[in-house]
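The values are calculated or read from the model by the stated rules, or taken from the named source; none is laboratory data. Bear in mind that the values here come from a model prediction, so they are computed numbers and not experimental data. No Cβ is skipped: glycine too gets one built from the backbone with ideal geometry, and neighbour counts run over all protein chains shown. For the accessible areas, the whole protein counts, side chains as well, though only heavy atoms, and no ligand, DNA or RNA atoms are used. Shrake-Rupley method; radii C 1.70, N 1.55, O 1.52, S 1.80 Å.
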Amino acid sequence: VLPNLTRTTMQNDDSTLKTSLLIFLNIVLNFRKYFRVEIGIFIQDVFLEILESVNSKFIFKYYILQILTSLVEEKTLPFELFLNYDCREDSSNICEKIIDLLVKISQGKYVKNIYSSLISPAEEEELRKDASQALVHLIRGCSIFMDTSEFINDDTSRGIKDVIKKKKAIDEAFGRFN
């Protein structure tokens, strides 16, 4: 399903893109425990690449921001993504990348001249608003989750911090090596 979804997402038909993204959203919301690896690859290699690309049209970026907003609005999903990707040594820091990109977009990433042929100032403003809205939903969700969650305890917190520290050390080593 996901390879076909990826191929369909790259088509120029807006209705096909919208339907494909809704299928992906439903897969994440209803079957995420079966597709952990595929979801991570899809978010990183499709969603984030399209949002970063200077060649992607406004409508692609807009729909993807809508899906990301829907994902962060889910009660536990941002934390599941964080625990399944950012807190695992063998996974990429997907949540960190999503948050970094949302911050860049909300601060005016698409104002640069390289985006001017595909994104108008009004469209850029819409993307900034949507990215800011996603960040607000994420912060609210974090607050609610932390207030109501019995999952987070000192041992879990310490384990998460250890993995993150180890991953940062590895990233720094890669940086020095390169």
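Mind checking which residues of region 93-123 are more than 12 Å from the chain's Cα centre (by Cα) and farther than 13 Å from residue 51 by Cβ?
The answer is 107, 108, 111, 112, 113, 114, 116, 117, 120, 121, 122, 123.
Rundown of residues vs (1) modelled with pLDDT under 85; (2) within 26 Å of residue 20 (Cβ to Cβ), yes/no style:
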{"site": "78", "(1), (2)": "yes, yes"}
{"site": "82", "(1), (2)": "yes, yes"}
{"site": "114", "(1), (2)": "yes, no"}
{"site": "119", "(1), (2)": "no, yes"}
{"site": "136", "(1), (2)": "no, no"}
{"site": "140", "(1), (2)": "yes, no"}
{"site": "148", "(1), (2)": "yes, no"}
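Against the conditions (1) farther than 25 Å from residue 16 by Cα; (2) surrounded by 17 or more Cβ atoms within 10 Å (Cβ to Cβ); (3) β-branched (Val, Ile, Thr), where does residue 39 fall short? Just the number, please.
Exception for residue 39: condition (1).
All but one of (1) of a type in the set (Phe, Trp, Tyr); (2) under 21 Å from residue 138 (Cβ atoms); (3) not in a helix (DSSP H, G or I) hold for residue 34; state the number of the condition that does not hold.
(2)
Do we find a residue being under 23 Å from residue 137 (Cα atoms), in a helix (DSSP H, G or I) and open to solvent by less than 30 Å² (accessible area, probe 1.4 Å) anywhere in region 52-61?
Yes, some residue in region 52-61 is under 23 Å from residue 137 (Cα atoms), in a helix (DSSP H, G or I) and open to solvent by less than 30 Å² (accessible area, probe 1.4 Å).
Do you know which of the residues in region 92-123 that are in contact with a helix residue (DSSP H, G or I) (Cβ under 8 Å, 6 or more places away or on another chain) and touching a residue at least 60 places away in the same chain (Cβ under 8 Å) is surrounded by the fewest Cβ atoms within 10 Å (Cβ to Cβ)?
The selected residue is 120.
Filter region 125-134 down to the residues that are open to solvent by less than 50 Å² (accessible area, probe 1.4 Å) and in contact (Cβ under 8 Å) with a residue 60 or more places away in the chain and list them by number.
127, 130, 131, 134
Could you give every pair whose Cβ atoms fall below 9 Å, whose first residue belongs to region 25-39 and is among the β-branched types (Val, Ile, Thr), and whose second residue is not in a helix (DSSP H, G or I), counting only separations of at least 6 or pairs across chains?
What qualifies is 27/1; 27/34; 27/35; 28/35; 28/74; 37/91; 39/32.
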